[in-house]
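*Asks:* This is the structure I want to talk about, given as structure tokens.
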Amino acid sequence: MRIIGVFSEVLVIDGLLIFGLILFIYVGVASLAWVNAKRRNALYWSDICLPIVLLLVWTGLVSVGYGHQSLSHLIEIPILLMVSIIFLYVRVFIVDRYREQFKQNSYIVLGLGVFFVLLLRTFMPFLAE
């Protein structure tokens, strides 16, 4: 019985290491946009918490059973993180140049991200694997 406990401990440690690595990569890539936005006083909580909010909405949708229930869940998390980085870069480097309402731009990007989570959960089983 002790072998099962060892395997579960290894899985937990591996999961935490993978989570830490993904978080480190995300912060490294997103920090360029965060620094640029901070320099213009355009950095808001919704920019920093975008991946957390998207993952919480995704977790809520999965837990209530919305969308297809399969192993495609595993690929949705990296897709959400990549899309949140793309949305952040588009807001900071493109949208903010043409529209000076930085706070509204940030909230619009957050809303688009939540909408993307809904679309992803709805149509993921129909995407080619």
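The values are calculated or read from the model by the stated rules, or taken from the named source; none is laboratory data. In this text the structure is predicted, and so the values were computed from the model without any measurement. Glycine gets a Cβ as well: all are built from the backbone with ideal geometry, and neighbour counts include every protein chain shown. Each accessible area value is taken on the protein alone, full model and side chains, heavy atoms only, with ligands, DNA and RNA left out. Shrake-Rupley method; radii C 1.70, N 1.55, O 1.52, S 1.80 Å.
*Asks:* Please find, among 26, 44, the residue that is in contact with a helix residue (DSSP H, G or I) (Cβ under 7 Å, 6 or more places away or on another chain), farther than 19 Å from residue 104 by Cα and not small (Gly, Ala, Ser).
*Replies:* After applying the criteria, what remains is 26.
*Asks:* Now for a different question. In region 28-129, which helices (runs of 4 or more DSSP H) lie fully inside it and hold 3 or more residues that are open to solvent by less than 70 Å² (accessible area, probe 1.4 Å)? Steps first, answer last, please.
*Replies:* Numbers: elements: 45-48, 50-63, 73-90, 102-123.
Helices (runs of 4 or more DSSP H) meeting the threshold: 50-63, 73-90, 102-123.
*Asks:* While we're on this one: Report every pair of residues separated by at least 6 positions or lying on different chains whose Cβ atoms are under 8 Å apart, first residue within region 76-94 and over 26 Å from residue 62 (Cβ atoms), second open to solvent by less than 30 Å² (accessible area, probe 1.4 Å) and among the hydroxyl-bearing types (Ser, Thr, Tyr).
*Replies:* Listed pairs, sorted by first residue: 91/106.
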